[in-house]
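J.: Sending over a structure as structure tokens; questions will come in a sec.
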Amino acid sequence: DFGGASHPAEACSGDYFDYIVMDGAVDVVLGDVSGHGFGPALLAAVTHSCLRTLALSRMDVDIELILSAANRLLLADTDSEHFVTLIFARLNIRANILIYSNAGHPAGFVLNAAGEVKARLADTGPLLGVFPNGSFPTAPPITLAPGDLVLIVSDGILEAMPDKGSKFGVQRMLEVVRAHQHQSAQQIVDALCRATFAHYGKTPQLDDITAVVIKAGAVA
């Protein structure tokens, strides 16, 4: 069960998410270009196109190879002021096994059916579009049990903050997800986005807000 949403801070967004469906697997990508507005949105579109093309080519066996190739391509199209943080996760839907690479992005989380943190999807490599020889290895595989939940967000959720108050933060995010964990993946995403906007109060949205949730079912 997959759910996702992206809410731009301006007319266009530097965040994006994508599902790439292959035989027996689904790739889930959530990326965040530094800044927001027209320039970052163009780079997000380039990143989306680049990764989708590479993932659907014969390179689809190796996430590290995909991100290394994308990094080299992005270096040719970016200036020193912009970079991309990104989580690229691949779910084997026949075995409920998740592998991922995290290119300088805020950590994602895997929660079990009781809402406990089972794993963090922490950094495995540098930012995209910065280092010519960057390496983007995958973390050890994570086996998902029925009812496990994978949560990936952009920093626009974690750093949402009203004029007077604190950042939305990891703990508040996890509390919202746990409160809605019995619902569908899309309903969880929507509840998290609503909570983020509510936290802003009357303060204007300062950054793009993006989230993806995957809920694991029984293995066929």
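The values are calculated or read from the model by the stated rules, or taken from the named source; none is laboratory data. If you're wondering where the values come from, they're calculated on a predicted model, not measured in any experiment. Please note: Cβ atoms are built from the backbone with ideal geometry, for glycine as well, and neighbour counts cover all protein chains shown. What goes into the accessible areas is simple: the full protein's heavy atoms, side chains included, and nothing from ligands, DNA or RNA. Shrake-Rupley method; radii C 1.70, N 1.55, O 1.52, S 1.80 Å.
J.: Taking region 156-173, which residues are in contact (Cβ under 8 Å) with a residue 40 or more places away in the chain and either among the basic types (K, R) or surrounded by 18 or more Cβ atoms within 10 Å (Cβ to Cβ) (or both)?
T.: G156, I157, L158, A160
J.: Still on this structure: Hey, V29 hits all of (1) farther than 18 Å from P132 by Cα; (2) crowded, with 17+ Cβ neighbours inside 10 Å; (3) free of Cβ contacts under 8 Å to residues at least 40 places away in the same chain; (4) of a type in the set (A, V, I, L, M, F, W, C) but one; which does it fall short on?
T.: The one condition V29 does not meet is (3).
J.: When you check H82 against the structure, is it surrounded by fewer than 16 Cβ atoms within 10 Å (Cβ to Cβ) and under 18 Å from H105 (Cα atoms), yes or no?
T.: Here the answer is no, as H82 does not meet what is asked.
J.: Just a yes or no: is a residue in region 102-111 among the aliphatic types (A, V, I, L, M), over 17 Å from D62 (Cα atoms), buried (at least 18 other Cβ atoms within 10 Å of the Cβ) and touching a residue at least 24 places away in the same chain (Cβ under 8 Å)?
T.: Looking through region 102-111, at least one residue is among the aliphatic types (A, V, I, L, M), over 17 Å from D62 (Cα atoms), buried (at least 18 other Cβ atoms within 10 Å of the Cβ) and touching a residue at least 24 places away in the same chain (Cβ under 8 Å).
J.: Taking region 93-142 on its own, how many of its residues are in a strand (DSSP E or B) and either on the phi > 0 side of the Ramachandran plot or of a type in the set (S, T, N, Q) (or both)?
T.: 2
J.: Here is a further query. When H82 is evaluated against the numbered criteria (1) touching a helix residue (DSSP H, G or I) at 6+ places or on another chain (Cβ under 7 Å); (2) more than 23 Å from I214 (Cβ to Cβ); (3) not in a loop (DSSP other than H, G, I, E, B), which criterion, by number, is the only one it fails?
T.: (3)
J.: Working carefully through the options L65, L51, find the one that is in contact with a helix residue (DSSP H, G or I) (Cβ under 9 Å, 6 or more places away or on another chain) and open to solvent by 50 Å² or more (accessible area, probe 1.4 Å).
T.: Result: L65 is the single residue among L65, L51 that is in contact with a helix residue (DSSP H, G or I) (Cβ under 9 Å, 6 or more places away or on another chain) and open to solvent by 50 Å² or more (accessible area, probe 1.4 Å).
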